[in-house]
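K.L.:
Quick one: the structure is below, and I'll ask about it shortly.
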Amino acid sequence: MSEPIIKVERLAYSYPRKELVLYDINFEVNKGEVLGIIGPNGAGKSTLCKALNGLVPHFYGGKYGGRVVVAGMEVLEHTVAELSTKVGIVFQDPEEQMSGLALTVWEEVAFGLMMLGFPKEEIVRRVDEAIKQVGLEGFEKRSPFELSGGQQQRLAIATVLAVKPDVLVLDEPTAQLDPIGKFEVFSVIKRLAAEGSTIVVVEHEIEELATFADNILLLDQGRVKAYGPARDVLTQVEKLKSLGVDPPSVTELTYLLNKELGANLEVPITLDEAIKIYAEALGVS
Amino acid sequence: MSAGISLLKRTAVEANTIFQRLDGRVKFLYFIWATVLVYIFYDPYLTLAFLIVTLAMAAYAKVFKPIAMTLLIIIVPWIILGVLILALPFGFPWNKTVIGYINVLGYRLPVYLEGLGWGITWPLRISVAISSALFFYLTTNQAKLVATLFKMKVPFKAIYMIIATFQFIPLLFDEANTIIQAQISRGLKTDVGVLQRIKNYLAVVIPLTISALNKVQTRAITLESRGFSAPVKKTFLYEARLTAADWAFLGIMAAVTVFLAWVYVTIGYSPVAHLQWIWA
Amino acid sequence: MAETKEIEMKEISPTGKAIIAVVLIPTIAALNYVGGVIVEALKAPIWGDTWGTMLGTLIGGFWVGAAGGFLYNIIMAFTMWGLPNWVWGFANVAVALITWFLMKMNLTDLKSLKTWAAVIGLFGFVYPAFTTAISIGVFGGGPLWKPIPAAVYAAVLKSTGNFYLANYLQNVSTEIIDKPISYAIAVIIASRIPKRFILAK
Ligand SMILES: Nc1ncnc2c1ncn2[C@@H]1O[C@H](COP(=O)(O)OP(=O)(O)OP(=O)(O)O)[C@@H](O)[C@H]1O
Ligand SMILES: [Mg+2]
């Protein structure tokens, strides 16, 4: 087995003059895997994302302990700029992520490459490719601010894809979008996951997450409460509910059927699985 | 008011005439050059000539309208008010030479040359400065502007701040509009007393500012995450390079400079209108 | 057991402030601009285009306020007012300086008479001397094209014949109301934003 791309060992952190917000975090992500991070508000999910590209601790300062290694680089020893070629990060508010320097979608995607000093021909090639990856062809000449929320968020994803990072970190990328926007963005993420990108994603839409996450990490008050294959974590219905996190509804339903009615069903985590399991249980095909 | 905003809100679609193709530095130089010259001379006719040339170039480059609008809003009222107060006997201390009389509300008032010259020349000078600056700004697209500033050795962080201001203004403006509409629908009225109007102002400005400051942090984080501070040479999408047209334009400016220097030496600082320096 | 061993913590100093200032400065400049536009929309009796500079100073320190105000003036000079107007950028630097001074002297309590006395003295009388020097030196002086100051100008010129005094008092008449109100606005906003946005000490 090769080295994992992300290795987090005993990570602990507090913002300057604040309490600890992360404590004793351990996990690994291998190439091509998707790790979902879930947890209640204020659990430290965003802080953990920022620990992957060095914003924590470099940008904010504060107290830091443990080790985070991404693509062979120890975060503590490298600047955010150096890490930006390894880790691409997308936040929840699409408009706030626009650089402020680009007039068009095309220029916005080129921004990161310009900042990193890529040669011009390389920029042209990569920008076109990234725009295609998120399905924004035809919008190249539009102003980034004239796009819908979903398009803007796809643009934000394209801006990091253009740099070809080893890891894509998405912090609640659909939280501020309407249903159509959510659908657009999830489609892009799922395609990237299927094509073998390494992704760390914070997501409140557990039902969606269940369809493409390999592993899940449950965070509460800065500590890992559960970590493992998506199925193992999402089927811990009691634990999730006690922390205020809703498991997928098919999971919860089946769990209750098993518990209250003594049914003995395999617990599904996605709708597709549920249909199969229930069809078998009911004897239809 | 929205004239200003639409001026700042640039689009990527634009005309492509010889003036758009001129190097940004050349147009920038033109604006400095024209402005300095109209300040060196004290002559409304000469100043007007600069203004006409600039506006003609602007018209050819299809950017006449926004410039004319700006001049109309700023310069015309200024000239009217300035000339009225300065050229008539309202105490402009340097008034000496009476050049005629006019009737105002039944009073026969003298018109003074000094106040008239002053009241017309100053706003015209500013007109030249405004129109030549806008000519540069409106015919130089943003990517070229960035390249131009970079060639002029402006540090990259400063370039970012300049360009970002242009981008943030329309964004904030849209947000302000949304807030104003929301407040109006909650019963805010604009035809009220002075104190209430200040309160109205606060009701719009406080949420606007807080939301703007909230965005600062995320934007800073995004920039940092995308390599803004990477200690490498940034790549620019346009190379600023001087072409034959640029050299021709520079040549014309040089010739005019020589000619005007000759005029200044042989005729003086007010070659057409023959005005006197006020302070002399 | 490894789990129970304490994690060794290191103190890391932040690098983010520099880049926050890079984003804060254009935001301040844009707020100055939009603040001035909203004044027109709501017909508020002030200029309203300097509280951004003051706010920038209160939250980001002298340099952020001064740079934001200066940038605003450069951009206005470039696009709307004409090149020579960039010198008003220095007026904004003066605004930032006065604000910084008031902040250092702890004169930010709007309920205190001392604050108002200092604010009116500095912004109402000292600051106009500065703007008068600019307006005569660079723009030839003369009436502003707003009715009240223009009337003040004409009246003073008529009664005293003193060009400089007329320009000064005209400026006093615009600043003495505008700047203290703007200062109050800046202080009120600064007191309402989360502490972690405040970079100035
Ligand atoms: N810049 C900061 N300075 C100080 N404290 C902060 C900062 N950002 C976040 N915190 C604090 O750290 C804790 C964890 O916040 P974080 O944003 O990481 O949580 P989260 O799990 O992403 O929450 P949410 O679901 O609301 O996005 C919170 O208590 C928060 O108040
Ligand atoms: Mg979060």
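The values are calculated or read from the model by the stated rules, or taken from the named source; none is laboratory data. Keep in mind it's a predicted model, so treat the numbers as computed, not measured. Neighbour counts run over all protein chains shown; Cβ positions are idealised from the backbone, glycine included. Areas reflect the complete protein model, heavy atoms only, side chains present, ligands, DNA and RNA absent. Shrake-Rupley method; radii C 1.70, N 1.55, O 1.52, S 1.80 Å.
K.L.:
Note down the magnitude of the dipole of the range C:12-197 about its Cα centre, charges +1 on Lys and Arg C-beta and -1 on Asp and Glu C-beta and zero elsewhere, to the nearest 20 debye. The partial results should precede the final answer.
P.N.:
Working: 11 positive and 5 negative charges, 88 e Å.
Computed charge dipole of the range C:12-197: roughly 420 debye.
K.L.:
Under 10 Å, Cα contacts only: if you run a Gaussian network model on chain B, which one of B:VAL128, B:VAL256, B:VAL192 comes out with the highest mean-square fluctuation?
P.N.:
B:VAL192
K.L.:
Could you name the aspartates and glutamates in cross-link range of B:LYS62, using Cα to Cα under 14 Å and dropping any fewer than eight places away on the same chain?
P.N.:
B:GLU14
K.L.:
Continuing with the same structure: Tell me the label-point distance for the pair A:SER242, C:ILE148, using the 7 Å Cα-to-Cβ offset, in nm and rounded to one decimal.
P.N.:
Label at A:SER242, label at C:ILE148, 6.7 nm between them.
K.L.:
If you don't mind, another one. By how many nm would the segment from B:ALA254 to B:LEU195 lengthen if fully extended, with 0.36 nm per residue of separation less the alpha-carbon distance? Write out the running numbers ahead of the final one.
P.N.:
Details: separation 59, 0.36 × 59 = 21.24 nm, distance 5.62 nm.
Between B:ALA254 and B:LEU195, full extension yields 15.6 nm more.
K.L.:
To continue, here is another question. What number, in nm² with one decimal, is the all-direction average of the projected area of the convex hull of the alpha-carbon atoms of chain A? List each step's numbers first, then the result.
P.N.:
Working: hull surface 67.5 nm².
Dividing the Cα hull surface by four gives the mean projection, 16.9 nm².
K.L.:
State which entries of A:LYS120/B:LYS233; A:LYS7/C:LYS5; C:LYS43/C:LYS114; A:LYS132/A:LYS190; A:LYS18/C:LYS10; B:LYS151/B:LYS234 exceed 23 angstrom in Cα-Cα distance in the structure shown. Spell out each step's value before the answer.
P.N.:
Values: A:LYS120/B:LYS233 12 Å; A:LYS7/C:LYS5 20 Å; C:LYS43/C:LYS114 30 Å; A:LYS132/A:LYS190 15 Å; A:LYS18/C:LYS10 14 Å; B:LYS151/B:LYS234 12 Å.
The pairs that break the limit, which is 23 Å between Cα atoms, are C:LYS43/C:LYS114.
K.L.:
Take chain B, drop everything but the C-alpha atoms, weight them equally and run the Debye formula without solvent; then report log10 I(q)/I(0) at 0.08 Å⁻¹ to two decimals.
P.N.:
Per q value, in the given order, log10 I(q)/I(0) is -0.52.
K.L.:
Another one. Find the relative contact order for the range B:141-241 and round it to a whole percent, using C-alpha pairs within less than 8 Å whose residues are 6+ positions apart.
P.N.:
Details: 35 pairs, mean separation 49.8, N = 101.
Relative contact order of the range B:141-241: 49 percent.
K.L.:
In percent, what relative contact order does chain B have, based on Cα pairs under 8 Å that are 6 or more apart in sequence?
P.N.:
Values: 246 pairs, mean separation 81.8, N = 280.
Computed over chain B, the figure is 29 percent.
K.L.:
Tell me the volume per residue, in Å³, of the convex hull enclosing the alpha carbons of chain C.
P.N.:
Working: hull volume 30.8 nm³, N = 201.
Per residue, the Cα convex hull of chain C comes to 153 Å³.
K.L.:
Can you give the convex hull volume per residue for the Cα atoms of the protein assembly as shown, as a whole number of Å³?
P.N.:
Values: hull volume 156.1 nm³, N = 766.
Taking only Cα atoms, the protein assembly as shown has a hull volume of 204 Å³ per residue.
K.L.:
Semi-axes of the range B:25-159's equivalent ellipsoid from the Cα gyration tensor, sqrt of 5 times each eigenvalue, largest first, rounded to whole Å?
P.N.:
Working: eigenvalues 275, 44, 30 Å².
Each semi-axis is √(5λ); the values are 37, 15, 12 Å.
K.L.:
In whole Hz, what ³J(HN,Hα) sequence does the range B:185-199 give by Karplus (6.51, -1.76, 1.60; θ = phi - 60°), x for Gly and Pro?
P.N.:
With coefficients 6.51, -1.76 and 1.60, one gets 5, 8, x, 6, 10, 9, 9, 10, x, 4, 5, 5, 5, 5, 5 Hz.
K.L.:
In whole Hz, what ³J(HN,Hα) sequence does the range B:162-176 give by Karplus (6.51, -1.76, 1.60; θ = phi - 60°), x for Gly and Pro?
P.N.:
Karplus-based 3J(HN,Hα) across the range B:162-176 equals 5, 5, 4, 4, 4, 6, 6, 4, x, 5, 5, 5, 4, 5, 4 Hz.
K.L.:
Further question: Which of the lysines could a cross-linker span from B:LYS65 if the Cα-Cα distance has to be under 24 Å and same-chain partners fewer than 8 positions apart are dropped?
P.N.:
Cross-link targets: B:LYS9, B:LYS27, B:LYS144.
K.L.:
Could I ask something else about it? Taking every residue in B:195-204, how many Cβ atoms of other protein chains lie within 10 Å of its Cβ, on average? It would help to have the intermediate numbers written out before the result.
P.N.:
Values: counts 1, 1, 6, 9, 2, 5, 13, 7, 1, 6.
Taking all residues of B:195-204 together, the mean is 5.
K.L.:
A follow-up question, please. Just the projected area, averaged over all directions, of the convex hull on the alpha carbon atoms of the range A:223-284: how many nm²? Please list the in-between numbers first.
P.N.:
Working: hull surface 17.8 nm².
Over all viewing directions, the range A:223-284 projects a mean Cα-hull area of 4.4 nm².
K.L.:
How high is the FRET efficiency from B:SER185 to B:THR266, r the C-beta distance, R0 45 Å, rounded to 0.05?
P.N.:
Working: r = 68 Å, r/R0 = 1.51.
Working from the Cβ atoms, E equals 0.10.
K.L.:
Still on this structure: To the nearest 0.05, how large is the calculated FRET efficiency for B:THR17 and A:GLU74 if R₀ is 51 Å and r is the Cβ-Cβ distance?
P.N.:
Details: r = 55 Å, r/R0 = 1.08.
E(calc), rounded to 0.05, equals 0.40.
K.L.:
On a C-alpha basis, how far is the centre of the range A:55-72 from the centre of the range C:153-169 in Å? Whole number, if you could?
P.N.:
If you average the Cα positions of each part, the centres end up 64 Å apart.
K.L.:
From the gyration tensor of the Cα coordinates in the range B:141-241, what semi-axes in whole Å does the equivalent ellipsoid have, largest first, with each one equal to sqrt(5λ)?
P.N.:
For the range B:141-241, the semi-axes come out at 38, 16, 10 Å.
K.L.:
Within chain C, what's the longest stretch lacking GluC sites (Glu not before Pro) that sit in DSSP loops with no more than 10 other Cβ atoms inside 10 Å?
P.N.:
Details: sites that count: C:GLU6, C:GLU8.
By the stated rule (loop sites, at most 10 other Cβ atoms within 10 Å), C:9-201.
K.L.:
Return the single residue from C:LEU31, C:LEU113, C:LEU169 with maximal mean-square fluctuation; model: Gaussian network over chain C, springs between Cα atoms under 10 Å.
P.N.:
C:LEU113
K.L.:
Along the Cα→Cβ direction, 7 angstrom out, place labels at A:ALA175 and B:VAL36. What is the inter-label distance in nm?
P.N.:
Between A:ALA175 and B:VAL36, the simple spin-label model gives 5.4 nm.
K.L.:
A further question follows. Compute the separation of the alpha-carbon centres of the range A:79-124 and the range A:175-215 and state it in Å as a whole number.
P.N.:
Cα centroid of the range A:79-124 versus Cα centroid of the range A:175-215: 21 Å apart.
K.L.:
Given Cβ point charges of +1 (Lys, Arg) and -1 (Asp, Glu) and nothing else, what value in debye, to the nearest 20, does the dipole of chain B about its Cα centre take?
P.N.:
Values: 24 positive and 10 negative charges, 154 e Å.
It comes to approximately 740 debye.
K.L.:
What would the Debye formula give as log10 I(q)/I(0) at q = 0.15 Å⁻¹ for the alpha-carbon point model of the range A:79-153, no solvent?
P.N.:
Values, matching the q order: -0.51.
K.L.:
Given Cα pairs under 8 Å that are at least 6 residues apart, what percent is the relative contact order of the range B:1-153?
P.N.:
Values: 159 pairs, mean separation 51.8, N = 153.
The normalised contact order for the range B:1-153 reaches 34 percent.
K.L.:
So what does A:SER148 come to for accessible area, using a 1.4 Å probe and Å² rounded to 10?
P.N.:
About 50 Å², rounded to the nearest 10.
K.L.:
Taking each residue in A:102-112, count the Cβ atoms of any other chain within 10 Å of its Cβ, then average. What number comes out? Before the final figure, lay out each step's value.
P.N.:
Working: counts 5, 11, 4, 1, 2, 5, 0, 0, 3, 5, 7.
Neighbouring Cβ atoms belonging to other protein chains average 4 per residue here.
K.L.:
Using a 10 Å cut-off on Cβ to Cβ distances, tally the other chain neighbours for every residue of A:51-64 and report the average as a whole number.
P.N.:
Taking all residues of A:51-64 together, the mean is 5.
K.L.:
In nm, to one decimal, how far is the modelled label at C:LYS158 from the one at A:GLU28, with both set 7 Å along Cα→Cβ?
P.N.:
Distance between label points: 9.0 nm.
K.L.:
Something else: Just A:THR251, A:THR174, A:THR104 to compare: in a GNM of chain A, with alpha carbon springs under 10 Å, which one fluctuates most?
P.N.:
A:THR104
K.L.:
Amide H neighbours of A:LEU219 under 5 Å, counting only residues 5+ apart in sequence or on other chains, H built in-plane at 1.01 Å?
P.N.:
A:ILE38, A:GLY39, A:LYS225
K.L.:
Spelling out what I want: for every residue of the range C:28-34, take phi, set θ = phi - 60°, compute 6.51 cos²θ - 1.76 cosθ + 1.60 (Karplus), and round to whole Hz; glycine and proline get x.
P.N.:
These are the phi-based 3J(HN,Hα) values: 4, 4, 5, 5, 4, 5, 5 Hz.
K.L.:
At a probe radius of 1.4 Å, what is the per-residue accessible area of C:ILE148, in Å² to the nearest 10?
P.N.:
The value for C:ILE148 is about 120 Å².
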